[in-house]
Structures are given as C-alpha cells and as structure tokens.
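**Q** Dumping the structure here so I can ask a few things about it.
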Protein chains: 2
Amino acid sequence: VSGATRPSEGIDRVAIVGAGLVGGSIALAADAAGLAEVRLFDADPAVRERAAELGLGSAVHEDLAGAVAGVELVLVATPPHTVADVIAEVARLVGPGTFLTDAASLKSDLTLEVESRLRDAAADPSRFVGGHPMAGSERSGPDAADASLFQGATWILTPRASTADGTLQAVSGFLRRLGARVLVLGPDRHDELVALVSHLPQLVASTLAEVAGSAVETTGDAVLAVAGGGFRDTTRIAASDPDLWLGILRGNRPAVLEALDRYRRRLDEVADALATEDWSRLETVLARASAARRRLVPKADQGSAVDLVVALDDRPGTLGAATSALGEAGINIEDLAMRHATDATRGALLLRVRRDAATRALAAARDQGFTAHVEEVDP
Amino acid sequence: VSGATRPSEGIDRVAIVGAGLVGGSIALAADAAGLAEVRLFDADPAVRERAAELGLGSAVHEDLAGAVAGVELVLVATPPHTVADVIAEVARLVGPGTFLTDAASLKSDLTLEVESRLRDAAADPSRFVGGHPMAGSERSGPDAADASLFQGATWILTPRASTADGTLQAVSGFLRRLGARVLVLGPDRHDELVALVSHLPQLVASTLAEVAGSAVETTGDAVLAVAGGGFRDTTRIAASDPDLWLGILRGNRPAVLEALDRYRRRLDEVADALATEDWSRLETVLARASAARRRLVPKADQGSAVDLVVALDDRPGTLGAATSALGEAGINIEDLAMRHATDATRGALLLRVRRDAATRALAAARDQGFTAHVEEVDP
C-alpha cells in the first residue's frame, strides 16, 4: 500500500465502539497521537461510566448515534459475536463517507457477514475493512487500557475484493499513528495463519498436558520430578481458559482442522520413521524443525547467544540485583526466563546474553556474590 | 528408603570418572560438602590437565587404577555409550566393598547391560545402582563445572532386583550431601517417564515447528508476524541440536514410540471431536489439560498470579531498573519472560507477580518512569 500515510492525515475524528482493553487502549493511543476528537461508546452503562472516570478519549457518549455522528472512522472493538450487528447499526447512523473497521480475532466468516449485512442495509461495503491487532494478551475492561498497547505491534487488515483502496489506506494510516505495524492479508489467509501458529499450538500443547496428566494417575508424583524446562515450555499455554479456547476453535473450525490434519500427517511420518528405525528421515525432520524454529523466532535462541544461569532464592530484590549487575557492566540481556527447582522453593534466573559477552556477564554476576554459570541455549 | 542418611556418613572417599560438566560439578559439590577425598579421572589427557588447573576435586589422577584404589564409591559420569565398559573396568580394579553408580540419561537397557557385564567380570552387581541427575542443561567440559548444579535438583536412582538395599542407601546419602533430592524409580519406569515428559515433547515441538516452517514457503513472512508467545513457547525446544536428540530417541525408542502412540491416539480424538463438532468432548479435553498443566507445574502460571508487562528497549540496564523497582517495593517476582516485538527492536518484560501485589507492582514500575500494564497469565 504505497503512499498510505498521506490520506490518514485527514482522519482527525474517530469513534470507538466498545471501551474494553482494546477500545480503551485505542482511545488512549489516538489521544496521545493528537487526534482532534476521540469519541467512545459502550453498550454497558457501568463501562461507560468507568471509561469517563478514567478520562479515556475526548468524550464518552451515552448513545451510539451521538458517538458516531460526523466522525471519519468508526472502529468497532466489541466482542466478536456482536461485531456484525454493531457495524450494521453504525452503517445506518453514519454518512457514506465514514470508514468502518473492527478488531475481532477471526476474519473469514465475519468479513463476509459484515459485507452482506452492509449490502442489506443499503450501505457501501467498500468503506469497511476487517482488522485484527496482534497486541498481546487480553485483560478485560477499561481499567486495562494502555496507550502503548499497539506500539510496535502488528495490526493485520483483511480487505475483501469489495474493500476500496482508499479505505485500506485511510485505516492503515490511522493505525500507524497508534504505533502499530500494518500487515495486509486476505481474510481466509489470516484465519489459516492463526490456525497454524496459534490454534494448532493450543491443541498440541493441551493434548500433551492431558496425556502427561493422565500418566500421573498411574505413576504418581514422579512425573513432576522428571518434567523439566522443555515440558514446561511446550505445555505452558495448555493452562489457558478452556471456554475461551473453545470459542476460538468453534469460530475457526475448518482452518484449525486443516492445520491439525497437516500436523497429524507429519507426526505419523515421525512415528513411522521411529518405528522403522529410519534415522536419517528422523534426523531430517529434527534438523528442518530446528532451522524453522530459528527462522520463525529470529531473536531468541540464536546460536550466537548463551544463557547466564544465576542461582536465586525467592526473596524479593535478588532478581533486580542480578540484572542490574549486567546492565551496569554494559551487557544487554536479550531474553530471560526463570528455571524453577522441582520443589519450587529455589530457582535460577536464565539471562540470555551474546556469546562474546558471556565471560564479562559471568564475572559481573560473581562480583555481586551470585553463584552463576554459563549454559548453551536449548541443549 | 528409611534411615538412608546414616550409612552415607561413612562415605568419605569417592572417585569420579569423567571430568566434564557432570563429573566436574560432582567433584566441586563433594569437596564443598567436606568429603575427605574426591578423586577425579578422565580418559582425555587435555580434560585431566584442565580439571587439575581448575582445582576440581582433591586430586586429578593420571590413571583409572590410581583414581579408584581404596575409595568407597565410584561415580561414572562418562558419555552414555561408554558407561558399561567403564564400570566393568572399574569393577576389576576395586575391592568388593566399593559402591558403583553412573549418571547416564537412559537406564533400562544400560542397567541390564551393566548387571550382565559385572556378572561376566565375576563382580557383585548388588553394589551397583544406576542414576540420572535431572540437572538442567549440558554445557560440556570441566570449565562448565558448578558446585551448585545439583542443589535442589532431583537425582533419580534406578535399582534393579539385584541392587542391595545398602547400595541404594549409601549412594542416596552421598547424593543428598551434594544437595540433590533423591527419587527412586525402576529403570523401565524411568525411561517411560522421560519418554513422556522429555522425549515426546521434543517430537511434538519439532513437528510443530517443521509444519509452521514449511508454511513459510507458501505464505512468506506473514507467519512471523502472526506467531505470538504461545507459538514461541510451544516450539522453543525444537531449536535443540538434532544430533543430540537423534541419539536420545535411538536410545529410548520403545518407550518413545509408546508415548508417541498414546499422544497420537489422543490427538485423533481431539481431531474427531473438532470434525464432528462434539464441543463438549473438546471442552473436556481442554479442561483436563488445563487442570493437568496446573497440577504438573505447580508454581508457574497459577491463577493467583498475573503478569506485569513493562515496555523495554534494548539498552542495557533498563531490565535491572525494572526488576529492582519491584524488589525495592518488596514484591517477589515468581517468573519472568521477555516478549519480543515482531521486528525484534523493541520488547516487553513480563514479570509474574502475585495477584494481590499487582497494583503495587504497577505503581512501582510507573514510579520509575516505565510504561507498564497488567495482563492475565495465559489468556
């Protein structure tokens, strides 16, 4: 989308429908970006009241019609199942020149439904483009609003054939003013990708945790003693809220099924290689996986980095002292993690540093009285 | 193993064969525990020389016979494929009263082989017990030796029917003096458990990274923008060394195959539930997984904790300042992680704190000029 920032200069009055974490954060960020008018509306009177108390946006409106009247862009940040209704209602309230977008996490069915609802309402679907901010995790409510939530975050826009170029450019420009990086994807492609890198990992991790958990019934607590950092990392997201994920999986069922089938076929090949002792095939999978992980997650786990492992107890303050020691030595910490001891009373801090800074990092930690050593990443 | 600590008081002279990370760390820890004699031997002259320079143990011996003569316990910490040979050789050199143990990561075939080799050498297999320290990651060589490596770590001992109670008690007592927590498991059970919580997660993570990686070929860099913390965590160990893992998988093939088959059957059920829209069955799996993860990893990701998310840049020192701010406010950081922005130039620090300390943590961070907000764990 070349020259995309120019038309956005024109967007100076926006309305945000939904004053939760996302809507509230957009209001704060738009305010900070210097927009002339940032109006907020929420169907819940208690949320409106709280948003007003927090001073989110330039005004919190008591009715939708008042909020959207005369604005150049309406951004709908309500729960996904309400988005199509809200956009259809907004379309009846605004003039034909108003841009419309949303922030729901699935795009394929929703953008199709919005397009159809806009046509039904005799509104112009070319003014709508679907959106999905990849902005971390969701604490709900206006109190969670944060002006920096989208700073450096990717905001995916999913135009359909009916979307006008000017709509994409205007909404992109606005999002960039919030600090976001805009990525344009087709709605189907968007849903395929989140199925692959978000929904599939959830099923993979949940199934792994469930299988290990059912082993506890036969093996007792020994599993806990044997489970190390690899198990912890691989199953971390399995602790997520089941209801939340059920909703997501329902909403993206075809794409998740396809990703899951692709994964299962590959896992069948891995099992077959192991069963038939085809070690060269298994090595190929492991090597391709290792290369893929390093390519997909560019910064962490690079071969040029090592972990400084600092023994810690659970007292407050030691963590700050350890990381400060490195900072004062001019050593940048590229990643970090906590390694808990099995009994959860004693742990170690893993500070990832560049390999060429490892010796200085070790000396800096030991100078401060810490027991520390250096480990290779991901052995 | 009741009364296990008493007999160990008698072990005062040990020999460690293999002066790498594990052997060197045992030597340092045994020295620190006040043993009268801690002898070290390594087949590699360069390793011996370096171990001597580093002052590991009370003496580094030039020959195996000299190292093991007259000691009460010989601990073999050489590469797994050499362990049976080394123990057979040691058995010919020591008297019948000397205890023998090892530190290899697989136990089923190895302990059987050691037992058979000891019988062949007309030595007493009742004096041997297999061992496996669950002590973090393996950097190799004597320079990586660390006196605190086993402090609080689980050290699994895997007696066979032929192992004498006195052997188990003596070796347990010695390991406890190194700071380790001893867990006794049958050799087969040990290999089944590591297959389930270490080797299976590796295959699961590698296959996931490989599937996502092959998608890059068709979708380009968009995958990188969409991949979030869940994908990063779930695939982290996929970046491991393929050769290392190939060796582990070869060595534990039957147990890994069984764990993998159990996992695949469960994943088939998940796919079937999704395909047939059997949402209650899918919810059951997700809920069981969530409960299992919380039970298996007791400390991290508890519902009583939240993440304080602090925006950071890559300058050295900001990390220390942020964690110090919490320490000074008396707030304990229970876990932590780095969230990298997609473009890897800007990131956020996730500090896990108890829910009841979240407000104070937020205030402490903001007082120090940080942009911060609080997020739910694992949304």
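The values are calculated or read from the model by the stated rules, or taken from the named source; none is laboratory data. Note that the structure is a prediction, hence the values are computed from the model and not measured. Using ideal geometry, Cβ is built from the backbone for each residue, glycine included, and neighbour counts are taken over all protein chains shown. When the accessible area is computed, the model is the full protein with side chains, heavy atoms only, and any ligands, DNA or RNA have been set aside. Shrake-Rupley method; radii C 1.70, N 1.55, O 1.52, S 1.80 Å.
**Q** Which of the GluC sites (Glu not before Pro) found in the range B:223-332 are in a DSSP loop and have at most 15 neighbouring Cβ atoms, other than their own, within 10 Å?
**A** Numbers: sites: B:258, B:269, B:277, B:283, B:328; in loops: B:277.
Listed in order of number, the matching sites are B:277.
**Q** Here is a further query. Can you list residues from other chains, or at least 5 along the same chain, whose modelled amide H is less than 5 Å from the amide H of residue B:156?
**A** The list, which skips near neighbours in sequence, is B:132, B:134, B:183.
**Q** With an 8 Å cut-off on Cα pairs and a minimum separation of 6 or more residues, tell me the relative contact order of the range A:106-168 in percent. Walk me through the intermediate numbers first.
**A** On the way: 58 pairs, mean separation 25.6, N = 63.
It rounds to 41 percent for the range A:106-168.
**Q** Which one, B:64, B:259, B:180, projects farthest toward the positive side of the charge dipole computed for chain B from Cβ point charges (K/R +1, D/E -1)?
**A** B:180
**Q** What's the FRET efficiency of residue A:281 with residue B:65 using the Cβ-Cβ distance as r and R₀ = 51 Å, to the nearest 0.05? Don't skip to the end; give the middle numbers.
**A** Numbers: r = 45 Å, r/R0 = 0.88.
FRET efficiency, residue A:281 to residue B:65: 0.70.
**Q** About the Cα centre of the protein assembly as shown, what is the dipole size in debye to 20, counting +1 per Lys and Arg Cβ and -1 per Asp and Glu Cβ, all else neutral? Walk me through the numbers on the way to the answer.
**A** Values: 76 positive and 106 negative charges, 83 e Å.
So the dipole magnitude of the protein assembly as shown works out to roughly 400 debye.
**Q** Mind checking how much accessible area B and A bury in total, 1.4 Å probe, in Å² rounded to 100?
**A** About 12200 Å² of accessible surface is lost on pairing.
**Q** Can you list the GluC sites (Glu not before Pro) in the range A:1-101 that are in a DSSP coil and have 14 or fewer other beta carbons within 10 angstrom?
**A** Sites meeting the loop and neighbour criteria: A:9, A:62.
**Q** Per residue, how much accessible area does the range A:103-214 show when a 1.4 Å probe rolls over the protein heavy atoms, in square angstrom?
**A** Working: 3410 Å² over 112 residues.
For the range A:103-214, the solvent-accessible area averages 30 Å² per residue.
**Q** Run the helix sum for chain A: -39,500 (n - 2.57) per DSSP H stretch of 4+ residues, divided by residue count, reported at 222 nm to the nearest 500 deg cm²/dmol.
**A** Values: 16 runs with 179 residues, N = 379.
Roughly -14500 deg cm²/dmol at 222 nm, from the helical runs in chain A.
**Q** Keeping all protein chains in position, work out how much accessible area residue B:120 exposes to a 1.4 Å probe, and write it in Å² to the nearest 10.
**A** Approximately 120 Å² of residue B:120 is accessible to the 1.4 Å probe.
**Q** While we're here: Along the charge dipole of the protein assembly as shown, which of A:20, A:320, B:54 sits closest to the positive end, that is, farthest toward it, with unit charges on the beta carbon of Lys, Arg, Asp and Glu (+1, +1, -1, -1)?
**A** Value computed over the given set: A:320.
**Q** Ignoring ligands, DNA and RNA, what percent of the 1.4 Å accessible area of chain B is carbon and sulfur?
**A** Numbers: 6830 of 13980 Å².
Carbon and sulfur together cover 49 percent of it.
**Q** Can you tell me, using C-alpha contacts under 8 Å and at least 6 residues apart, the relative contact order of chain B as a whole percent?
**A** On the way: 614 pairs, mean separation 46.5, N = 379.
Averaging sequence separation for qualifying contacts and normalising by length gives 12 percent for chain B.
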